[in-house]
C-alpha cells in the first residue's frame, strides 16, 4: 500500500507541475452549492480538514500552524509558472501545493490522495458523476475528463474516468 501511495504522490506531483505550467481560459460559476459556504476569498469552494478551512491563496504559514507539519514530508521544485519555488506538503490523504508571490508562500492547490477525505458537500474519490452533479450542479466546464467548477479565485476540479471520480483538486483560478 505504501508503494502504491508513493507512486500516486509522484504522479500527482508531476501533474501539479504540468498543471501549473498550463493555462486554462474557461471559467464558469457553479450552481448547486449553498451560498452559506461563501468565504472571504469570494469562493464557494474550500477544503475542510480537522476543523480548518484550507483556502487557495491563503498563507502556507497559517495552514502549517493549524494543520501541523506534514507527516509525508515536503518537496520543493523551481516553479515554471511563478517566481521562486513550488512547494508540496504531503499530509497523506491530501497534498497542499504552495507557490511564492511577493516573498510569501501561498496555497496554489489541494489535491485528494485517497477516499478518506471528502469535500464539505460530501463528495470523495470513487464517487459517481451523478453524486458530483447532485452536490455541485451541472454548470461546469469540461476539458476532456476534467469537470471544472469555478467560483471567485478557486477552481474545483473533478477528474473522472468512466463516470467515477479519480481525482479532486481545489486550485487557484488565475
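The values are calculated or read from the model by the stated rules, or taken from the named source; none is laboratory data. Everything numeric in this text was worked out from a predicted model, so none of it was measured. Virtual Cβ from ideal backbone geometry, glycine too; neighbours counted across all protein chains shown.
A few notes on this one:
- Listed by position, the strands (runs of 3 or more DSSP E) inside the stretch 73-174 whose residues that are in contact with a helix residue (DSSP H, G or I) (Cβ under 8 Å, 6 or more places away or on another chain) and more than 25 Å from residue 51 (Cβ to Cβ) number at least 2 are 74-78.
- In the stretch 40-64, residue nearest to the chain's Cα centre (by Cα) [restricted to those that are under 12 Å from residue 110 (Cβ atoms) and assigned to a strand (DSSP E or B)]: 47
- Subset of the stretch 86-102 (residues that are loosely packed, with under 15 Cβ neighbours inside 10 Å and in contact (Cβ under 8 Å) with a residue 12 or more places away in the chain): 92, 101
- Counted residues, the stretch 115-134 - those being surrounded by 15 or more Cβ atoms within 10 Å (Cβ to Cβ) and either within 21 Å of residue 93 (Cα to Cα) or in contact with a strand residue (DSSP E or B) (Cβ under 8 Å, 6 or more places away or on another chain) (or both): 11
- Some residue of the stretch 65-80 being under 15 Å from the mean Cα position of the chain (by Cα), surrounded by 14 or more Cβ atoms within 10 Å (Cβ to Cβ) and at negative phi: no
- Residues of the stretch 132-165 that turn out to be free of Cβ contacts under 8 Å to residues at least 12 places away in the same chain and more than 27 Å from residue 58 (Cα to Cα), as a count: 2
- Answer from 160, 156 - the residue that is buried (at least 17 other Cβ atoms within 10 Å of the Cβ) and more than 18 Å from residue 44 (Cβ to Cβ): 160
- Only one of 83, 114 that is under 22 Å from residue 174 (Cβ atoms) and either modelled with pLDDT under 95 or under 15 Å from the mean Cα position of the chain (by Cα) (or both): 83
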